[in-house]
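Participant: So that we are looking at the same thing, I have put the structure below in structure tokens.
The values are calculated or read from the model by the stated rules, or taken from the named source; none is laboratory data. These numbers were taken from a predicted model, which means no experiment stands behind them. Don't worry about glycine lacking a Cβ; one is built from the backbone with ideal geometry, like all the others, and counts go over all protein chains shown.
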Amino acid sequence: MSAPTAPPTLVPKLEDGTGEELEHAATRADSRRGALLALPGFAYLFLFFALPLGIVFVYSFATRSSTGRTILGQWSVDSYTRLIDPFVLQIAWRSFALAAAATALCLLVGYPFAYYIATRSPRVRGLLLVMVMIPFWSNFLVRTYAWRVILGSDGPVSRLTELVGIGQTRLMFTSTAVMIGLVYGYLPFMILPLYASIERLDFSLVEAGRDLYASGWEAFRRITWPLSRAGVIAGSILVFIPSFGAYVTPEILGGSRTTMLGSFIVRQFLAARDWPFGSSLSFVVMIAMLVAALVYFRVGGKTL
Amino acid sequence: MNAPDVATTSAPPRQGQAGSSPAVELVGVTKRFDDVIAVDNVNLRINDGEFFSLLGPSGCGKTTTLRMIAGLEFPTHGSIRIHDEQMSLRPPNKRPVNTVFQSYALFPHMSVRDNIAFGLQMKKVDRHTIGSRVTEAVQLVRLGGMEHRRPKQLSGGQQQRVALARALVNHPQVLLLDEPLGALDLKLRKAMQLELKELQERVGITFVYVTHDQEEALTMSDRIGVMDDGRLLQVGTPEEIYERPATRMVADFIGETNFLPIVVTELDRARIEGGQEIIIGGDGTPGTKTTLTIRPEKMRITAPREPVPEGDNQLLGTLHRRVYLGNALALEVTAGAVRLRVRQGSAAQVHRFRDGDEVAVLWSPADAAVLED
């Protein structure tokens, strides 16, 4: 009959239990709240990006009737085997070359300019950044048409070369015109990330390099350039991807011999009424870009 | 714990002998940024093998002076010579000096080893020599085993050592250090002070050290140059700077002190303004109004009627306040128009005085300094 009295340690134990429970509840609430916050974004991306992409994927295995209707149900990989047609490959190669050249040119023009902006006083910096972004305030189509006037055979460029004595220039409808248009259109996308990474750079590192016998060029090559590589990578991707799939620029400034993938895909859907082929083309281009971007990030990130 | 045997680490021979050309010589060096004069007509000779500190409050021009020696700024006027070679407008990469930067400025995208090798690579030293010299430098600053880490993976103290090794590996004629211990906590800073001094003695390179910490400067330097408002106010050994400050600013900046406004009456006599006559060391010019400075720990407190040692000064006053500091006692005594701060070891004889007691303050004229301004 000697019932031992309960040890008083029971109270803290209880508190421990509730504490743990509370913690779990808090974690659950936290993830629930997170999901709720992300829901609109997820819903939007699913409805207007993932779902249509799925449809494109399904369509790429469909067949085209002789009248141009898409027949679902007769599945085939025809539209994929047609991708290795030399004509298609030529367009793909041209798109790649033009986009790569436009990216390189943007980098060449954009890097010194971004460096210049980043090393100004804060007030001048703000002003220059606004100037970089001003073109976005007017319609891209209109601005591209303006280039038609500038590059046309009776435009200012042509007149200037005539005045100098090299004769008229025929830039319109050439790949040069397309490239000028691409560089013009996407240069801000190169400058802004470059600016962001150069602005973050600790210039005492450059001074340290100079103090350690590096010439101005060596200090740039060994310190400034590698430390701004994040901006170079981001800018290059932001320029290359839209250039590769460009539609408006080659359509307006280019000719039949400068067709790029974007225009070619559009032609499949509209003029040729070959939706399966257009779909497979879109899909493969997208996957290729994704893989290229991933590799680029991985390689660039490693050497960073 | 494979700490390298420090004594066996080969050190470059001490450059030059006594009486050789100064390691650094500044003649009339002035630096103007727009309307601001950052450095104002500085003349300075830093001896070979010396640990020289530039001391002053922030914005006094000490860092700008250092940067001009490094070549990161160019003087508006004047000339800078390093071992008798004209440097004034030479770019930093062509000067025989290296810098330890305040924030270390380690290259974040390179390993410790690559950071240290950078200078030698730029000098196009052959790979074999680079390898052995980097290894030597790594051991000199006790960073063995850290060679492949990135600066971010190191503690503040370790980063500091990398910065040191990166500069020392080049065997510069002069090493410039811009507040290198500023970012470290107090305890580590104290340890690094001794280590730096030891290192300097071992490698025998001239160190020019910029700091705003007077204690740091006193602890490490062979000589100190005190700067304020762009001007070099006084150059001397730590003892000279502390015991015989030339100006009020120097006396005030280096430790605690008392200022007594005086009028010199004779060669070795002066009258405290509105007070009694005292003996001053040195040779005053009768009639001049100036200031006498005495360190609190140089004064003694006694009872008013106690005998005064021959030649000492005595001021009578009222004990105003006592603060117990553990290892010492800080007292404030009002004597006429002046208030004196006195510091005593916690001797029992001082404890007998209470606030409001009549006391005498004694000091030897040799312990007080008459200021120039």
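Participant: Residue by residue through region A:27-73, note down the ones that are closer than 20 Å to residue A:277 by Cα and loosely packed, with under 10 Cβ neighbours inside 10 Å.
Facilitator: A:66, A:67, A:73, listed by residue number.
Participant: Here are some conditions: (1) more than 14 Å from every other protein chain (Cβ to nearest Cβ); (2) within 30 Å of residue B:91 (Cβ to Cβ); (3) surrounded by 17 or more Cβ atoms within 10 Å (Cβ to Cβ). Residue A:196 meets all but one. Which one does it not meet?
Facilitator: (3)
Participant: Based on what the data block shows, is residue B:263 over 31 Å from the mean Cα position of the chain (by Cα) and not in a strand (DSSP E or B)?
Facilitator: no
Participant: Looking at B:224, B:241 in this structure, which one is in a helix (DSSP H, G or I) and either closer than 14 Å to residue B:112 by Cβ or of a type in the set (Val, Ile, Thr) (or both)? Steps first, please.
Facilitator: Details: B:224 fails: in a helix (DSSP H, G or I).
Residue meeting the stated conditions: B:241.
Participant: Is it true that residue B:231 is in the same structural domain as residue B:196 (by TED's automatic domain parsing), farther than 30 Å from residue B:191 by Cα and surrounded by fewer than 20 Cβ atoms within 10 Å (Cβ to Cβ)?
Facilitator: Yes, satisfied.
Participant: What is the one condition in (1) buried (at least 17 other Cβ atoms within 10 Å of the Cβ); (2) within 14 Å of chain A (Cβ to nearest Cβ); (3) in contact with a strand residue (DSSP E or B) (Cβ under 9 Å, 6 or more places away or on another chain); (4) not β-branched (Val, Ile, Thr) that residue B:74 does not satisfy?
Facilitator: The single condition residue B:74 does not satisfy is (1).
Participant: Then there's this: Just wondering, is there one or more residues in region B:107-118 that are more than 14 Å from chain A (Cβ to nearest Cβ), under 20 Å from residue A:215 (Cα atoms) and either buried (at least 22 other Cβ atoms within 10 Å of the Cβ) or not aliphatic (A, V, I, L, M) (or both)?
Facilitator: No, region B:107-118 contains no residue that is more than 14 Å from chain A (Cβ to nearest Cβ), under 20 Å from residue A:215 (Cα atoms) and either buried (at least 22 other Cβ atoms within 10 Å of the Cβ) or not aliphatic (A, V, I, L, M) (or both).
Participant: Scanning for something closer than 18 Å to residue B:248 by Cβ, outside the structural domain of residue B:241 (by TED's automatic domain parsing) and of a type in the set (Ser, Thr, Tyr), does region B:307-327 turn up at least one residue?
Facilitator: Checking region B:307-327: not a single residue is closer than 18 Å to residue B:248 by Cβ, outside the structural domain of residue B:241 (by TED's automatic domain parsing) and of a type in the set (Ser, Thr, Tyr).
Participant: For region B:129-138, state whether one or more residues are over 26 Å from residue B:198 (Cα atoms) and surrounded by fewer than 16 Cβ atoms within 10 Å (Cβ to Cβ).
Facilitator: No, the conditions are met nowhere in region B:129-138.
Participant: Take the residues in region B:246-279 that are charged (D, E, K, R) and within 30 Å of residue B:229 (Cβ to Cβ), then tell me which one is surrounded by the fewest Cβ atoms within 10 Å (Cβ to Cβ).
Facilitator: So the residue we want is B:256.
Participant: Name the one entry in B:184, B:188, B:176 that is part of a helix (DSSP H, G or I) and either surrounded by 20 or more Cβ atoms within 10 Å (Cβ to Cβ) or touching a residue at least 12 places away in the same chain (Cβ under 8 Å) (or both).
Facilitator: The conditions single out B:188.
Participant: Looking at region B:124-145, is at least one residue touching a Gly at 6+ places or on another chain (Cβ under 7 Å) and more than 9 Å from chain A (Cβ to nearest Cβ)?
Facilitator: Scanning region B:124-145 turns up at least one residue that is touching a Gly at 6+ places or on another chain (Cβ under 7 Å) and more than 9 Å from chain A (Cβ to nearest Cβ).
Participant: Take residue A:128 and tell me if it is of a type outside the set (Lys, Arg) and either under 30 Å from residue A:258 (Cβ atoms) or not assigned by TED's automatic domain parsing to the domain that holds residue A:181 (or both).
Facilitator: Values: of a type outside the set (Lys, Arg): yes; either under 30 Å from residue A:258 (Cβ atoms) or not assigned by TED's automatic domain parsing to the domain that holds residue A:181 (or both): no.
Answer is no for this residue.
Participant: A follow-up question, please. Among the residues that make up region B:182-201, is at least one of them within 14 Å of chain A (Cβ to nearest Cβ), of a type in the set (D, E, K, R) and within 18 Å of residue B:54 (Cβ to Cβ)?
Facilitator: no
Participant: Sticking with this structure for a sec: Just for helices (runs of 4 or more DSSP H) wholly inside region A:201-248: which have at least 1 residues that are over 20 Å from residue B:168 (Cα atoms) and more than 14 Å from chain B (Cβ to nearest Cβ)?
Facilitator: Hits in region A:201-248: A:229-244.
Participant: While we're looking at this one, here's another question. Select from region A:249-277 the residues that are assigned to a helix (DSSP H, G or I), in contact with a Lys or Arg (Cβ under 8 Å, 6 or more places away or on another chain) and at pLDDT 90 or above and write down the one among them that is surrounded by the fewest Cβ atoms within 10 Å (Cβ to Cβ).
Facilitator: So the residue we want is A:252.
Participant: Of all helices (runs of 4 or more DSSP H) completely enclosed by region A:65-179, which ones contain at least 2 residues that are within 22 Å of the chain's Cα centre (by Cα) and closer than 30 Å to residue A:230 by Cβ?
Facilitator: Details: elements: A:78-81, A:86-118, A:122-133, A:140-151, A:156-164.
It comes to A:86-118, A:122-133, A:140-151.
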